[in-house]
Amino acid sequence: MPASSAYSIEMGISLVVNDHMISDLQVKERMKLIMASSGIPNTPENRQKLLPQIENMLIDEALKRQAAEEGGIDVTPQEIEEGIGRIAQQNNFSVEQFQNVLKAQGIPRNTLEDQVRSEIAWGKYVQKELRPQVNVSDYDIDAELERLQENPKFKNNLPSRDQVLNKIGNERLGRLQARHLMDLKSGAFIEFRG
């Protein structure tokens, strides 16, 4: 048995993304978090169905964190707390109630912190590195307004130029993010060990 295989079994390494290892425990804890937050019953069949999605989610998060780190982007503990607070609020809980729900489900707080940290880091990276690449011209705005004018739904209630600018900019930024993440994936070393 190669040394790397022995190490992965001994240490419970499920995935390697570039130089970042994701343990079997991290995969299992994320699985519990997703199932609990989605209301999916924790059955062997459901775990098996969700496993590829969880693995892809963790791979994407690792790549996003790595890109942010390479871009010199940090996430502060306060930003993580605020992110957890927003999630708790979206689920109609106080932070304390939300933490108690996670604890009752056997989900360690650091599982949620890792997810929040990755999303905040990626959001900052996108604003710093990708958003400046998005250009929307006056022609683009005029063409969209003209297209909307032909739609009876908007005939008497056209959005403002700023609203159209934001809409087009966000759509282009979304496509740019997706392409950038695909580029990160295609250039990454990804190994499934589980």
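The values are calculated or read from the model by the stated rules, or taken from the named source; none is laboratory data. Please read these numbers as outputs of a predicted model, since none were measured by experiment. Here the Cβ is made from the backbone with ideal geometry for all residues, glycine too, and neighbour counts use every protein chain on show. Just so you know, the surface numbers come from the protein's heavy atoms only, side chains and all, with ligands and any DNA or RNA stripped out. Shrake-Rupley method; radii C 1.70, N 1.55, O 1.52, S 1.80 Å.
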Counting sequence-distant residues (5 or more places) and residues on other chains, those with an amide H built under 5 Å from that of S14 are I22, S23, D24
With a Cα-only, solvent-free Debye model of segment 92-194, what are the log10 I(q)/I(0) values at q = 0.12, 0.22, 0.23, 0.24 Å⁻¹? -0.71, -1.11, -1.16, -1.21
Spacing of the two label points (7 Å from each Cα toward its C-beta) at S23 and K185, in nm: 2.7 nm
Cβ-placed point charges (K, R +1; D, E -1), dipole of segment 31-72 about Cα centre in debye, nearest 20: 220 debye
Most fluctuating of Q89, Q115, Q177 in the GNM of the chain (C-alpha, under 10 Å) is Q89
Only Lys, Arg, Asp and Glu count, each charged at its Cβ (+1, +1, -1, -1), so figure out the dipole size of segment 46-120 about its Cα centre, rounded to 20 debye. 460 debye
From the cross-link list K128/K167; K64/K185; K28/K128, which pairs have alpha carbons spaced over 21 Å apart? K28/K128
In nm, what is the difference between 0.36 nm times the number of residues separating Q105 and R86 and their Cα-Cα distance? 4.9 nm
Using Cα pairs under 8 angstrom and six or more residues apart, how large is the relative contact order of segment 1-157, in percent? 22 percent
Can you tell me the accessible area per residue over the chain, all protein chains present, probe 1.4 angstrom, in square angstrom? 62 Å²
From the residues Q53, I141, G71, which one has its Cα farthest along the dipole of the chain in the positive direction, the dipole being from +1 and -1 charges on Cβ of Lys/Arg and Asp/Glu about the Cα centre? Q53
³J(HN,Hα), Karplus 6.51/-1.76/1.60, whole Hz, each residue of segment 81-86, x for Gly, Pro: 4, 5, x, 5, x, 5
Calculated from DSSP helices alone, with each H run of at least 4 adding -39500 (n - 2.57) and the total divided by the residues of the chain, [θ]222 nm to the nearest 500 comes to -22500 deg cm²/dmol
Pop out the carbon and sulfur fraction of the accessible area of segment 68-175 as a percent, whole number, probe 1.4 Å. 46 percent
Once the mean 1/r over all distinct Cα pairs of the chain is inverted, what Kirkwood radius in angstroms do you read off? 19.6 Å
